[in-house]
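Participant: Can you keep this structure in mind? I'll have questions shortly.
The values are calculated or read from the model by the stated rules, or taken from the named source; none is laboratory data. What you see is a predicted model, and the numbers here were worked out from it, not measured in a lab. Counting neighbours? That spans all protein chains shown, and the Cβs are built from the backbone with ideal geometry, glycine included.
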Amino acid sequence: MFRQMRRKKQLLPREISEDILQNSSTGILGVLGDEGYPYTVPVNYVYENNAIYFHCAKAGHKLDAIKKDNKVSFCVIDKEQIVPEEFTTYFRSVVAFGKAVEITEDDEKLRVMRLLNYKYAPGLDEAGEKEIRREWSILCVLKIQVEHLTGKEAVELVKKRI
Ligand SMILES: Cc1cc2nc3c(=O)[nH]c(=O)nc-3n(C[C@H](O)[C@H](O)[C@H](O)COP(=O)(O)OP(=O)(O)OC[C@H]3O[C@@H](n4cnc5c(N)ncnc54)[C@H](O)[C@@H]3O)c2cc1C
């Protein structure tokens with residue numbers, strides 16, 4: 001049911017799309033917000049084995065939206081080089097679709113929080129553990145099981161890569 005990319009030659013190989021997800025720091029989560037208005041919001045995340053994980057507070061717009069309908073999208077921009085003289089942008093980005101579920105098992109929640117710390121605060125293991133303990137009761141950890149993933153790059157970058 002997911003759409004095919006119209007400009008197929010700009011489709012990135014799966015492994016490059018996964019590299020982008022692994023190496024980028026911010027993704028834009030898209031949810032079905034209030035009264036049919038789509039709600040997009042930036043979050044930090046980790047990507048592992050076809051799943052995107054992020055943490056948030058136990059209340060708020062995005063969580064309410066996910067509770068109502070857990071279908072989400074997630075977009076990451078890897079490159080955005082504006083080229084004024086060509087009236088274009090040399091871009092590379094990834095879009096994922098999937099369903100978000102809250103992780104309720106403590107062991108898995110802790111594992112994901114450690115993955116986030118490892119990615120965003122490398123070398124600060126002890127302080128990271130303390131922070132997890134401090135925030136634990138107000139933390140919500142979500143997993144997006146990716147169902148469809150595409151990466152796309154500007155046609156000018158395709159020429160350079162191939
Ligand atoms: C680079 C970056 C990384 C972030 N990483 C995380 C993360 O890992 N986890 C996390 O929970 N949050 C993260 N945030 C904050 C996140 O974007 C939200 O502000 C936060 O999660 C609260 O979302 P909510 O829907 O619960 O907010 P609510 O306060 O319930 O949202 C109510 C309304 O506030 C407005 N709003 C909320 N967030 C933003 C925003 N970021 N910018 C502008 N308007 C906003 C919207 O109009 C929204 O409808 C990050 C933000 C940035 C910029």
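Participant: Regarding Ser73, is this residue within 18 Å of Gly151 (Cβ to Cβ) and within 16 Å of the ligand (Cβ to nearest atom)?
Facilitator: Details: within 18 Å of Gly151 (Cβ to Cβ): yes; within 16 Å of the ligand (Cβ to nearest atom): yes.
Spelling it out, Ser73 is indeed within 18 Å of Gly151 (Cβ to Cβ) and within 16 Å of the ligand (Cβ to nearest atom).
Participant: Count, please, the residues in segment 44-62 that happen to be touching a Cys at 6+ places or on another chain (Cβ under 7 Å) and under 18 Å from Ser73 (Cβ atoms).
Facilitator: Going residue by residue through segment 44-62, those that are touching a Cys at 6+ places or on another chain (Cβ under 7 Å) are 55-58, 62.
Remaining after also requiring under 18 Å from Ser73 (Cβ atoms): 56, 62.
Of the residues in segment 44-62, 2 are touching a Cys at 6+ places or on another chain (Cβ under 7 Å) and under 18 Å from Ser73 (Cβ atoms).
Participant: Can you pull out the residues in segment 1-54 that are acidic (Asp, Glu), closer than 16 Å to Val146 by Cα and not in a strand (DSSP E or B)? Full working, then the answer.
Facilitator: Looking only at segment 1-54, we keep the residues that are acidic (Asp, Glu), and these are 15, 18-19, 34-35, 48.
Then drop every residue that is not closer than 16 Å to Val146 by Cα, which leaves 15, 18-19, 48.
Answer for segment 1-54, where residues must be acidic (Asp, Glu), closer than 16 Å to Val146 by Cα and not in a strand (DSSP E or B): Glu15, Glu18, Asp19.
Participant: Mind checking whether some residue in segment 24-39 is within 12 Å of the ligand (Cβ to nearest atom), of a type in the set (D, E, K, R) and farther than 19 Å from Leu142 by Cα?
Facilitator: Within segment 24-39, one or more residues are within 12 Å of the ligand (Cβ to nearest atom), of a type in the set (D, E, K, R) and farther than 19 Å from Leu142 by Cα.
Matching residues to (1) loosely packed, with under 14 Cβ neighbours inside 10 Å; (2) closer than 27 Å to Glu131 by Cβ; (3) touching a helix residue (DSSP H, G or I) at 6+ places or on another chain (Cβ under 9 Å); (4) at pLDDT below 95:
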residue: Glu15; (1), (2), (3), (4): yes, no, no, no
residue: Asp19; (1), (2), (3), (4): no, no, no, no
residue: Asp34; (1), (2), (3), (4): yes, no, yes, no
residue: Tyr37; (1), (2), (3), (4): yes, no, no, no
residue: Tyr47; (1), (2), (3), (4): no, yes, yes, no
residue: His55; (1), (2), (3), (4): no, yes, yes, no
residue: Ile82; (1), (2), (3), (4): yes, no, no, no
residue: Lys109; (1), (2), (3), (4): no, yes, yes, no
residue: Val112; (1), (2), (3), (4): no, yes, no, no
